[in-house]
Amino acid sequence: MTGRLSRTARIAVGVAAAGLVVAGVLVVREVSSPAYGVEAAPRGDAPECGRIAKGYPADLAGRERARGGAPGVAVWGDRAVVLRCGVRPPLPTVDACVNVDGVDWVVEEAKLSTDRKVLVSYGRDPAVEVLVSDRVAEIDGVLVELSKAVKPIRQERKCLSLSDVPRGGGYAH
């Protein structure tokens with residue numbers, strides 16, 4: 001054989017090249033996913049986060065859940081809704097707190113911006129942080145769906161209800 005590859009060698013080279021192309025497409029797809037680049041929470045790899053991830057909806061607020069991402073992270077749409085499990089539970093606060101289907105959520109006033117709302121589950125460890133873009137009109141529906149997923153994390157504390165508060169809204173104690 002003078003410089004010519006056998007038929008078997010040509011097939012092997014072709015299969016290897018096709019494999020590289022497929023791998024490259026998968027890497028590009030993963031890197032371009034909206035979930036890529038969202039930083040995991042400090043305890044995103046906690047067993048509780050892995051357990052509740054099984055209950056995350058495939059679609060949320062009319063947006064499909066993105067593939068891939070860091071442990072404890074879920075993203076719907078083009079980052080319209082971002083969930084990070086494993087954040088530090090919030091301390092008692094006077095920020096507004098709402099109960100949605102048995103899960104207390106604190107609206108983190110200090111983290112609000114003109115284009116998103118930030119809510120953190122209260123009284124559960126690890127806590128779950130949800131960032132909701134102002135492009136999402138149905139925030140109540142988002143919290144109902146995510147409360148179903150978060151509920152399995154044991155609740156240790158509750159927010160005060162309006163009847164417990166002398167003036168103003170509910171707050172976390």
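Quick grid of which residues meet (1) without any contact (Cβ under 8 Å) to a residue 12 or more places away in the chain; (2) touching a helix residue (DSSP H, G or I) at 6+ places or on another chain (Cβ under 6 Å); (3) open to solvent by 40 Å² or more (accessible area, probe 1.4 Å); (4) in a loop (DSSP other than H, G, I, E, B):
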| position | (1), (2), (3), (4) |
| --- | --- |
| Cys49 | no, no, no, no |
| Glu64 | no, no, yes, no |
| Pro71 | no, no, yes, yes |
| Leu83 | no, no, no, no |
| Gly86 | no, yes, no, no |
| Pro90 | no, no, no, yes |
| Val98 | no, no, yes, no |
**In region 100-110, residue nearest to Ile139 (Cα to Cα) [restricted to those that are hydrophobic (A, V, I, L, M, F, W, C) and open to solvent by less than 10 Å² (accessible area, probe 1.4 Å)]** = Trp105
**Prompt:** Would you pick out the residues in region 111-152 that are acidic (Asp, Glu) and open to solvent by 30 Å² or more (accessible area, probe 1.4 Å)?
**Reply:** Asp115, Asp125, Asp134, Glu138, Asp140, Glu145
**Filter result (in contact (Cβ under 8 Å) with a residue 40 or more places away in the chain and either among the basic types (Lys, Arg) or open to solvent by 50 Å² or more (accessible area, probe 1.4 Å) (or both)) within region 51-61** = Arg51
**Prompt:** Of the residues in region 100-116, how many are under 25 Å from Asp78 (Cβ atoms) and part of a loop (DSSP other than H, G, I, E, B)?
**Reply:** 4
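The values are calculated or read from the model by the stated rules, or taken from the named source; none is laboratory data. The shown structure was predicted, so the numbers you read here are calculated from the model rather than taken from an experiment. As a convention, Cβ positions derive from the backbone with ideal geometry for all residues, glycine included, and neighbour counts pool all protein chains shown. Surface accessibility is based on the protein's heavy atoms, side chains included, excluding ligands, DNA and RNA. Shrake-Rupley method; radii C 1.70, N 1.55, O 1.52, S 1.80 Å.
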